[in-house]
Amino acid sequence: MAKPFAYTLMAERNDAIDRLDIQFRWGGYGFRVLRCHLTSFSPGKIVRFHKHSEYEFHFIPRGKGTVILEDAVYPLHDGLFYLTGPNVIHQQEADTREAMDELCLHIDIVPIKETEADGNWGDPWERHEAEACVRALDNLPLKPHIDQFNAMAWFLTAYRAWNEGQPGAFSTIKQAIIQILLRAARMSAAPNATFEPPSRNINEHRFRIATQFIHDNYAQPLTLQEVAERIPISARQLQRVFREQGEDSFTAYLENYRLSQICSAIVEGSRPIEQIALEHGFASSNYLYYVFKKRFSMTPKQFRKKHAGSEEELGTAVPAHV
């Protein structure tokens with residue numbers, strides 16, 4: 001008994017994804033899907049020599065035939081794929097006695113000039129992966145390859161997302177396209193095509209986690225040990241991290257941040273100073289008065305009177321750790 005053809009569903013509306021005009025950004029590249037469909041070649045069907053300025057992937061899920069890439073002839077059978085493009089002259093032909101099915105991904109890949117904002121916000125892993133993938137595809141040997149990483153299955157994933165109206169269908173289709181590219185790229189002859197993840201400055205990362213935790217919880221009693229456990233590192237290590245990042249100490253950072261929030265609350269509202277002190281992590285209003293006199297040479301009430309209604313002045317008066 002013949003094994004059911006896994007991609008029969010895609011024959012029901014073989015141009016469904018082609019009509020969607022799928023475009024997305026991945027890393028430093030823009031991708032536009034021109035075709036992503038199943039097509040069938042009747043026995044003996046020939047697609048004459050032609051080329052594309054974009055990338056065109058051909059996966060053979062069933063049948064057999066031949067392909068001429070530049071001036072070399074290669075046999076085709078189920079389980080193979082090859083890449084034509086950009087600008088690779090090729091001709092395809094189905095076997096004279098047996099039809100051949102093809103899963104085609106025809107995609108335009110365009111480098112995107114990165115702005116300063118892009119560099120500050122985004123995933124460096126993704127940029128690295130996209131760059132490595134495109135580089136590997138450009139070095140994919142010009143011949144058919146065994147689809148040993150099962151890229152073909154992702155065509156069906158993309159089609160089902162559309163066909164079933166899945167929530168987040170666009171994201172699923174996008175990820176399916178990326179998986180096809182990544183899995184095909186693994187057959188590349190590019191040197192160093194393996195993924196080497198970019199590393200972060202671990203102490204900058206620890207400092208960011210610690211300060212965000214302080215910002216979220218500064219109104220509660222906080223200790224160096226408690227914050228260190230959230231990372232997790234020792235209290236001594238965390239103290240070193242604060243100093244490495246240009247801070248006097250954990251305690252000084254915490255107090256400065258509390259003061260910055262208290263200064264804003266004092267100027268922006270009319271609540272009693274005693275209430276503001278307790279709401280922002282000071283054990284008593286007396287201690288807040290002490291800190292204010294030491295830091296600003298004035299009491300909280302004098303501070304309120306001086307800066308009331310002047311946000312610009314307030315910005316220069318409060319500590320910098322906002």
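Grab the beta carbon distance between H205 and H50, set R0 = 56 Å, and tell me the FRET efficiency rounded to 0.05.
On the way: r = 51 Å, r/R0 = 0.91.
Result of the calculation: an efficiency of 0.65.
Based on the alpha-carbon gyration tensor of segment 202-308, what equivalent-ellipsoid semi-axes (square roots of 5 times the eigenvalues) come out, in whole Å, largest first? Display every interim value, and only then the final one.
On the way: eigenvalues 165, 34, 26 Å².
The answer is 29, 13, 11 Å, longest axis first.
May I ask you to give the percent of accessible area on the chain that is carbon plus sulfur, with a probe radius of 1.4 Å? Mind dumping the intermediate values first?
On the way: 8610 of 17760 Å².
Summing carbon and sulfur atoms, their accessible area is 48 percent of the total for the chain.
According to a simple spin-label model (label point 7 Å from Cα along Cα-to-Cβ), what is the distance in nm between V88 and S270?
7.6
Could you work out how much longer the chain between Y287 and R240 gets when fully extended? Use 0.36 nm per residue separation minus the Cα distance between them, nm to one decimal.
Details: separation 47, 0.36 × 47 = 16.92 nm, distance 2.75 nm.
Gain on stretching Y287 to R240: 14.2 nm.
Suppose R0 equals 25 Å. What FRET efficiency, 1/(1 + (r/R0)^6) with r the Cβ-Cβ distance, do F24 and R135 give to the nearest 0.05?
Details: r = 19 Å, r/R0 = 0.77.
Between F24 and R135 the formula returns 0.85.
With a sphere of radius 15 Å drawn around the Cβ of L288, what net charge do the other residues whose Cβ falls strictly inside it have (Lys, Arg +1; Asp, Glu -1)?
+4
Lys/Arg Cβ at +1, Asp/Glu Cβ at -1, dipole of segment 7-188 taken about the Cα centre: which of I109, S53, L76 is farthest positive-ward?
Of the listed residues, the answer is L76.
Can you show me the helix-derived [θ] at 222 nm for the chain, built from DSSP H runs with n ≥ 4 at -39,500 (n - 2.57) apiece and divided by the number of residues, rounded to the nearest 500.
Values: 12 runs with 133 residues, N = 322.
My calculation for the chain gives -12500 deg cm²/dmol from helical runs alone.
Give the relative contact order (percent, whole number) for the chain; include only Cα pairs under 8 Å separated by 6+ residues. Working shown, then result.
On the way: 504 pairs, mean separation 42.8, N = 322.
Normalised by residue count, the contact order of the chain is 13 percent.
Once the Cα gyration tensor of segment 7-188 is found, what semi-axes does its equivalent ellipsoid get, as square roots of 5 times the eigenvalues, in whole Å, sorted largest first?
Working: eigenvalues 162, 78, 35 Å².
Semi-axis lengths for segment 7-188 are 28, 20, 13 Å.
Report the charge-dipole magnitude of the chain in Debye, nearest 20, computed about the Cα centre from +1 at each Lys and Arg Cβ and -1 at each Asp and Glu Cβ.
Numbers: 36 positive and 40 negative charges, 171 e Å.
Using only the charged Cβ atoms, the result is roughly 820 debye.
Remind me, relative contact order of segment 7-188 in percent, using alpha carbon pairs under 8 angstrom and six or more residues apart? Show your work: numbers first, answer last.
Numbers: 371 pairs, mean separation 45.8, N = 182.
Relative contact order of segment 7-188: 25 percent.
Give the residue from A153, M187, A277 lying farthest towards the positive end of the charge dipole for the chain; charges sit on Cβ (+1 for Lys and Arg, -1 for Asp and Glu) and the dipole is referred to the Cα centre.
Result: A277.
Within 10 Å of each candidate Cβ there may be at most 11 other Cβ atoms; applying that plus a DSSP loop requirement, which trypsin sites (Lys or Arg not before Pro) in segment 30-122 survive?
Working: sites: R32, R35, K45, R48, K51, R62, K64, R97, K113; in loops: K45, K51, R97, K113.
Here the sparse-neighbourhood loop sites are R97, K113.
Might you tell me the accessible area per residue for the chain, computed with a 1.4 Å probe and given in Å²? Write out the running numbers ahead of the final one.
Details: 17760 Å² over 322 residues.
Here the residues of the chain average 55 Å² of exposed surface.
What label, among (1) 24.8; (2) 22.3; (3) 19.8, belongs to Kirkwood radius over Cα pairs in Å computed from the structure on display?
After the calculation, the listed value that fits is (1).
Lysines near K293 by alpha-carbon distance under 18 Å, same-chain residues fewer than 8 away left out - which ones?
Within the straight-line limit of under 18 Å, K293 reaches these lysines: K301, K305, K306.
The values are calculated or read from the model by the stated rules, or taken from the named source; none is laboratory data. Note that the coordinates shown come from a computational prediction; the quantities given were computed from them, not determined experimentally. We place every Cβ from the backbone using ideal geometry, glycine too, and count neighbours over all the protein chains shown. Protein only, heavy atoms only, side chains kept; ligands, DNA and RNA dropped before computing areas. Shrake-Rupley method; radii C 1.70, N 1.55, O 1.52, S 1.80 Å.
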